[in-house]
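A short write-up of the structure that comes next.
What follows is calculated from the coordinates using simple rules that are stated; it is not laboratory data. Not measured: the values here are computed from a predicted model. Cβ atoms come from the backbone with ideal geometry, glycine included; neighbour counts cover every protein chain shown.
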């Protein structure tokens, strides 16, 4: 990813900023030899006054397809009755993903708590879990609740 230096190098430390990713801006602090010392993420907003050509540069492709969302919405209906933001002690979000799986497959590091992630983000992680288990093209609950496995 392209980076742009901000300011001068002071005491062997310079700040680099990458382009926004999913409306987030990542700031890296690196030493003079290129070793990463710190990183932070901040939410950014696209100025509505910008011309469409400039806004398009910051648009990101969807994490999952419309067909994926249609299929996984059936799982959501079975798991939580259509609520994508369920909070629980063991399972959270709209797909009832086990909290340890949410962490293990990068959900928390990419999107934060499962209950606050968008439906598309939750499906993205669910698909990673399914693929790792050898069920990449299988989506449960397509023929009614309880018939998925």
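With an a/c value of 1.5 or above and a/b not larger than b/c for the gyration tensor axes a ≥ b ≥ c computed over the alpha-carbon atoms, the stretch 66-132 is described as oblate.
Take every Cα pair under 8 Å whose residues are at least 6 apart in sequence, average their separation, divide by the length of the stretch 66-132, and the relative contact order is 28 percent.
Counting every other Cβ atom within 10 Å of each residue's Cβ, 80, 118 order from fewest to most as 118, 80.
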